[in-house]
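Notes follow once the structure below has been shown.
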């Protein structure tokens, strides 16, 4: 599968990048690591007239601890750098662990944290060649009006499959979004819509530039568990991130988040309240696992059955909580 024809633009500053995005709005895509965009363009899922290559904007690369104890991460920081950062491993371990599970070492060298946050949603009926999709009559996410996963439905259920966003949700991360007109900072949880097509609140002229980890989320025990067919390369088919902090043997704070089983990464509602102030044992971990399984809404968007993926969310949540506690 060959790439469609396009014009490559290479800005050197954030301002140049957002000006180009505004100028070519509707016909442009952003290239950071390219590990998701380039294969999608080969499949003719995207056929932009312009591609803005932001890899040479040096201010968007790096991990910077701030004076107040928070951390700023540039959107172009590689997943390898996040995985190997001694500072993140010590203070925000769940993020380093999640980054280390993405794809393979070569792809982690290329892939970026910003790209992982903005990753397109995936589905068996969508991530295929143009010929394959045409033979099926296309789908509601691209070129058609039929959902093959939920026939008769009007919503796209393509799953969000990024590994780092559930970890970032557990850490109460914010992101910075820049356009030619303004700079805004939003909580990561408010960035996703829960719809497989318009899955993120990012306009065509906007660029994700930074990730902020608050000082209040530092030094939590963190664990990430991921289900995939192969031990490397594959996207998650179910993923669970857990963070917790204990005081005097009791849980002082905790959060649980899921990926790959909904059109958006989600915090498990009720998990924090159920864990707060308690001593974690197998029964409590299993109860929170039940909450996580009820939050998961996997459909037939991957090679494994929805029932199996939901059950693995339950199992992974229990195991991750016990591992974090121990």
Find the strands (runs of 3 or more DSSP E) located wholly in segment 1-112 whose residues include 3 or more that are touching a residue at least 60 places away in the same chain (Cβ under 8 Å), and list them.
71-74
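Identify, please: which residue in segment 134-147 is buried (at least 21 other Cβ atoms within 10 Å of the Cβ) and in contact (Cβ under 8 Å) with a residue 24 or more places away in the chain and is, among those, farthest from the chain's Cα centre (by Cα)?
Step one: of segment 134-147, the residues buried (at least 21 other Cβ atoms within 10 Å of the Cβ) are 139-141, 147.
Checking the rest, the ones that are also in contact (Cβ under 8 Å) with a residue 24 or more places away in the chain come to 140-141.
Numbers: 140: 22, 141: 19 Å.
Once the filter is applied, the top-ranked residue is 140.
Within segment 261-278, can you find the residues that are out of contact with any helix residue (DSSP H, G or I) (no Cβ under 9 Å at 6 or more places or on another chain) and either more than 19 Å from residue 163 (Cα to Cα) or free of Cβ contacts under 8 Å to residues at least 24 places away in the same chain (or both)?
Within segment 261-278, the subset out of contact with any helix residue (DSSP H, G or I) (no Cβ under 9 Å at 6 or more places or on another chain) is 263, 272-273, 276-277.
272, 273, 276, 277 - these are the residues of segment 261-278 that are out of contact with any helix residue (DSSP H, G or I) (no Cβ under 9 Å at 6 or more places or on another chain) and either more than 19 Å from residue 163 (Cα to Cα) or free of Cβ contacts under 8 Å to residues at least 24 places away in the same chain (or both).
Select from segment 123-133 the residues that are surrounded by fewer than 20 Cβ atoms within 10 Å (Cβ to Cβ) and within 10 Å of residue 45 (Cβ to Cβ) and list them in ascending order. Spell out how you get there, then give the answer.
Residues of segment 123-133 that are surrounded by fewer than 20 Cβ atoms within 10 Å (Cβ to Cβ), as a first pass: 124, 128-132.
Of everything in segment 123-133, those that are surrounded by fewer than 20 Cβ atoms within 10 Å (Cβ to Cβ) and within 10 Å of residue 45 (Cβ to Cβ) turn out to be 128, 129, 130.
Is it the case that some residue within segment 193-200 is in contact with a helix residue (DSSP H, G or I) (Cβ under 6 Å, 6 or more places away or on another chain), modelled with pLDDT of 95 or more and buried (at least 22 other Cβ atoms within 10 Å of the Cβ)? Quick ask: steps written out before the conclusion?
At the first step, the residues of segment 193-200 found to be in contact with a helix residue (DSSP H, G or I) (Cβ under 6 Å, 6 or more places away or on another chain) are none.
Within segment 193-200, none of the residues are in contact with a helix residue (DSSP H, G or I) (Cβ under 6 Å, 6 or more places away or on another chain), modelled with pLDDT of 95 or more and buried (at least 22 other Cβ atoms within 10 Å of the Cβ).
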Which one of these is over 18 Å from residue 172 (Cβ atoms) and surrounded by fewer than 21 Cβ atoms within 10 Å (Cβ to Cβ): 270, 249?
249
Filter result (within 16 Å of residue 14 (Cα to Cα) and touching a strand residue (DSSP E or B) at 6+ places or on another chain (Cβ under 9 Å)) within segment 175-201
175, 176, 177, 178, 179, 183, 184, 185
Filtered residue count, segment 175-207, keeping only those that are part of a strand (DSSP E or B), under 13 Å from the mean Cα position of the chain (by Cα) and over 17 Å from residue 296 (Cβ atoms)
2
State all residues of segment 204-223 that are in contact with a helix residue (DSSP H, G or I) (Cβ under 9 Å, 6 or more places away or on another chain) and under 30 Å from residue 53 (Cβ atoms); if no residue qualifies, say none.
204, 205, 206, 207, 208, 209, 210, 211, 213
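Could you please let me know if residue 50 is surrounded by 13 or more Cβ atoms within 10 Å (Cβ to Cβ), farther than 17 Å from residue 118 by Cα and under 19 Å from the mean Cα position of the chain (by Cα)? It would help to see each step written out before you state the result.
Values: surrounded by 13 or more Cβ atoms within 10 Å (Cβ to Cβ): yes; farther than 17 Å from residue 118 by Cα: yes; under 19 Å from the mean Cα position of the chain (by Cα): no.
Here the answer is no, as residue 50 does not meet what is asked.
The values are calculated or read from the model by the stated rules, or taken from the named source; none is laboratory data. Model, not experiment: these values are computed from the prediction. Because the Cβ atoms are built from the backbone with ideal geometry, glycine has one as well, and the counts that use them run over all protein chains shown.
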